[in-house]
1. So for the range 238-309, averaging the separation of alpha carbon pairs under 8 Å that are six or more residues apart and normalising by length, what relative contact order in percent results?
2. Which residue, chosen from Thr254, Ala228, Leu265, occupies the Cα position most advanced towards the positive end of the dipole of the range 222-281, where the dipole is computed from +1 (Lys, Arg) and -1 (Asp, Glu) charges on Cβ about the Cα centre?
3. Among rounded, prolate and oblate, which fits the range 38-192 when a ≥ b ≥ c are the square roots of the eigenvalues of its C-alpha gyration tensor, a/c under 1.5 means rounded, and a/b larger than b/c means prolate?
4. Rounded to the nearest 20 debye, what is the charge dipole size of the chain about its Cα centre when +1 sits on each Lys and Arg Cβ and -1 on each Asp and Glu Cβ?
5. Hey, can you find the accessible area per residue of the chain for me, probe 1.4 Å, expressed in square angstrom?
6. I'm a student and want to see the number: the projected area of the Cα convex hull of the range 189-249, averaged over all directions, in nm².
7. Give me the number: length gained by fully extending Asn39 to Ser253, i.e. 0.36 nm times residue separation minus the C-alpha to C-alpha distance, one decimal in nm.
8. In percent, what relative contact order does the range 180-309 have, based on Cα pairs under 8 Å that are 6 or more apart in sequence?
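The values are calculated or read from the model by the stated rules, or taken from the named source; none is laboratory data. These numbers were taken from a predicted model, which means no experiment stands behind them. Cβ: placed from backbone, ideal geometry, glycine included. Neighbour counts: every protein chain shown. What goes into the accessible areas is simple: the full protein's heavy atoms, side chains included, and nothing from ligands, DNA or RNA. Shrake-Rupley method; radii C 1.70, N 1.55, O 1.52, S 1.80 Å.
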Amino acid sequence: MTSTCCQPVPALARTLQAALDDWNTIAPQLAEVYAALNNNAARHAQPFDPALCHSPLPRAYQWADGSAYVNHVELVRKARGADMPPEFWTDPLMYQGASDSFVGPRDPVFALDEAWGIDFEAEVAVVTGDVPMGATSADCRSHIRLVMLVNDVSLRNLIPAELAKGFGFFQSKPASAFSPVAVTPDELGEAWDGGKVHLPLVVHLNDELFGRPNAGVDMTFDFLRLIAHVARTRELEAGSIIGSGTVSNVDRSTGSGCLAEKRCLETIAEGKPKTPFMHFGDRVRIEMFDAAGATIFGAIDQQVRRYPG
């Protein structure tokens, strides 16, 4: 599935958002271009370099991130001695993130202070078409347009004070990064069951394997349920992004999708965490591969740097 060539299509849609706005008309035409590329018949093909890609949607009308892997939530609460409300297993957690500006998949993670507790969060996300208010989970299957990966950066040491105010995240959630490529669900083949991606999400920290939890395992709320949750009281516009939350497996041998989870496991086992949060110069790489070992979405590959401006 690794892409080696691409073709600009300004005559069809100058941006991905434009294609999403008129998906029923544009998608079949894009499929024709895709077929031509695969058959070496494209008229304006050029080499594809993921290093030149920005996020598929550099900004979006909506960015809502869930916490679909409830065992991750349970672990975090256990580490701090908090009870797990039973409704967390039946009603999804969701926060509305800032979507005015996302960073590219190889752009730095900028921060002013390491003491903020800089952490990565490896996630999967879907991009929707228009979704009507009150759509059911079954309805939402037809509204998923694209799938991509996310690094939903968290500033862990800023979170407690923000949540204590009772109004949710803001300062503790800087700009997220998405994979250089978003794919239509059919490109995932049997790995896509309509609401989950059944493949490992591979995370490297400073070139060492940190985790490879399977995104299709232990996902309490699939994307159909997450979209329906968001649409309960509002319409969603085409181009809305819905995130899974940190991918996490009950089987801890698969590693973790964020530093916070590993620190929680250390706290439960040893009484305190020993793994530090990210320092300036640290690098995280997030990627997913198909059964043949080819990259599907390209890699999110980001280094933490002190903000210069």
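1. Working: 64 pairs, mean separation 13.8, N = 72.
Computed over the range 238-309, the figure is 19 percent.
2. Toward the positive end, the furthest listed residue is Leu265.
3. oblate
4. 560 debye
5. Ligands and nucleic acids excluded, the result is 48 Å² per residue.
6. 5.5 nm²
7. Gain in length upon complete extension: 72.9 nm.
8. Contact order relative to length: 27 percent.
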